[in-house]
1. Restricting to segment 247-267, what's the tally of residues that are open to solvent by 10 Å² or more (accessible area, probe 1.4 Å), farther than 22 Å from M190 by Cβ and in contact with a helix residue (DSSP H, G or I) (Cβ under 7 Å, 6 or more places away or on another chain)?
2. Starting from segment 312-329, keep only residues that are without any contact (Cβ under 8 Å) to a residue 40 or more places away in the chain, then list their pairs with residues that are aliphatic (A, V, I, L, M) and crowded, with 17+ Cβ neighbours inside 10 Å whose Cβ atoms are within a distance under 7 Å, requiring at least 6 positions of separation or different chains.
3. Would you be able to tell me the number of residues in segment 22-79 that are free of Cβ contacts under 8 Å to residues at least 24 places away in the same chain, open to solvent by 50 Å² or more (accessible area, probe 1.4 Å) and among the β-branched types (V, I, T)?
4. Only one residue in I145, I136 is farther than 28 Å from D119 by Cα and open to solvent by 10 Å² or more (accessible area, probe 1.4 Å). Which one?
5. Consider segment 342-386. How many of its residues are of a type in the set (K, R) and modelled with pLDDT of 95 or more?
6. Filter segment 405-444 down to the residues that are of a type in the set (S, T, Y) and over 20 Å from Y28 (Cα atoms), then identify the one that is most open to solvent (accessible area, probe 1.4 Å).
7. Can you name the residue in segment 362-372 that is assigned to a loop (DSSP other than H, G, I, E, B) and not β-branched (V, I, T) and is also least open to solvent (accessible area, probe 1.4 Å) among such residues?
8. Pull out all pairs, ordered by first then second residue, where Cβ-Cβ is under 7 Å, the residues are six or more apart or on different chains, the first lies in segment 421-444 and is at positive phi and in contact (Cβ under 8 Å) with a residue 60 or more places away in the chain, and the second is assigned to a loop (DSSP other than H, G, I, E, B) and aliphatic (A, V, I, L, M).
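The values are calculated or read from the model by the stated rules, or taken from the named source; none is laboratory data. None of these values were measured; they are calculated from a predicted model. Here the Cβ positions follow ideal geometry from the backbone for every residue, glycine too, while neighbour counts run over all protein chains shown. Surface areas here come from the heavy atoms of the whole protein model, side chains and all, with no ligands, DNA or RNA. Shrake-Rupley method; radii C 1.70, N 1.55, O 1.52, S 1.80 Å.
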Amino acid sequence: MNKIFKNYCLLALLLPVTAVTQAQDDVYPAKPNTGRVFITGGTIHVGNGQVIEGGTIEIANGKIVRVGTDAPANTSGAKVVDAKGKQVYPGLILSVTDLGLKEIGSGVRGSNDYEELGDLNPTIRSIVAYNTDSKIIGTLRANGILLAGVTPQGGTISGSSTIVQLDAWNWEDAAYKMDNAIHVNLPSFMNRQRRFGGGGGGRFGGAQPPTDPTKEALAKVEEIKTFFREARAYLAEPEHKETNMKFESVKGLYNRTQKLFVHGDQVRQMLVAIDFAKEFGFDVTIVGGSESWLIADLLKQNNISVILQQLHALPTTEDDDVDQPFKTPATLQKAGVLFALNDNHEEARYRNLMFNAGTAVAYGLTREQALQAITLNAAKICGIDDRTGSLESGKDANIVVSDGDILDMRSSIIEHCFIQGREVSLENKQTQLYHRYMTKYGLE
């Protein structure tokens, strides 16, 4: 019995190692491209609403040198990508995500590093936990998503996010804009109804004491404000007897080198976000914002931007139109609110970002407005629009070439992707498994 038990234990130890070994892929980050690249003949969607038919993009040293309709005069020694009949887009941006921090979800704890213990954690920096070997990264890249805002979770103040480019050896290489935003999670101002009805209760069905969610939420908001007031007072001091790392971590909010991303969907949560902007002078973005359509004009007046999360979702309250999440982008667009679209779907793992934008087209946005919501608008909100988000001279060559409309899942077939001028691999674990079994059964 002991021998059998020992053999079983040895097998149990070896199986994960074997599985991991077999699961490794051979997709490596692209080498820097020091030469010239021309993308010719394609329909260029600049990202700012402009469309250039039969255009040419010239790339040199990782930057876009020229965009126009003129044919290149001299392509000697350069790489030429024939995009005739194809669509050319800026690289897509996933504004807020746990990419590289969460691999398999709650089922495998060891693959996750997205949440810290404690409530006020402004010192947490998501970038140092970012895993560039995540298998999900290759899947996103193959769908044209080239940049992502890696964001911590948990607590009231989660910490800082960093924008990464999705073709890197390590987190130092990946960092595109370090610590671009501090994230605050606001408490709910409403009781959550039990999904299956009933009078509520504890673990064994006993009645819970009545609570006042508004009172509790306001108390938590006052706690957050107290933290920011104390941080402001600390940072105003010419010298400090002791260094307070939590206060030091939010310094960028006060000089506006960082943004405050406030997570909340309810109108009252968004009113609190507006109050933060007024009292502290923060550059505020609302993340979630499913009820933002109700106060779109107020958001515009206070220069509050919005990152709409999963578009394919039910509305916040049961009295809203069932298709309200689809209509919200058009409402914000009409009001002049700066907004971006995002994808935080746990099962699809964020690869449907562009199809969320496509859904918004069916509910009031133009195609170029929807594209802008996942490119230039996202870049503006993340603070990287001086480098990316549109196909303009002087910006990084983050470019996607698609055989068809990137917003339409029927025709979106990505053929080339460039990150900072480097043509990156579109191979990923899924494509490798496809070729493996096509080969096994003699189908290719």
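1. 4
2. Cβ pairs passing all conditions: P325/L311; F326/L311; F326/A360; T328/L308.
3. Counting residues in segment 22-79 that are free of Cβ contacts under 8 Å to residues at least 24 places away in the same chain, open to solvent by 50 Å² or more (accessible area, probe 1.4 Å) and among the β-branched types (V, I, T) gives 1.
4. I136 is the lone residue from the list that is farther than 28 Å from D119 by Cα and open to solvent by 10 Å² or more (accessible area, probe 1.4 Å).
5. Looking only at that region, the number is 2.
6. Residues of segment 405-444 that are of a type in the set (S, T, Y), as a first pass: 411-412, 425, 431, 434, 437, 439, 441.
Keeping just the survivors that are over 20 Å from Y28 (Cα atoms) gives 411-412, 437, 439, 441.
Details: S411: 36, S412: 25, Y437: 103, T439: 86, Y441: 146 Å².
Here the residue is Y441.
7. L365
8. Note: pairs meeting the criteria are G421/A397.
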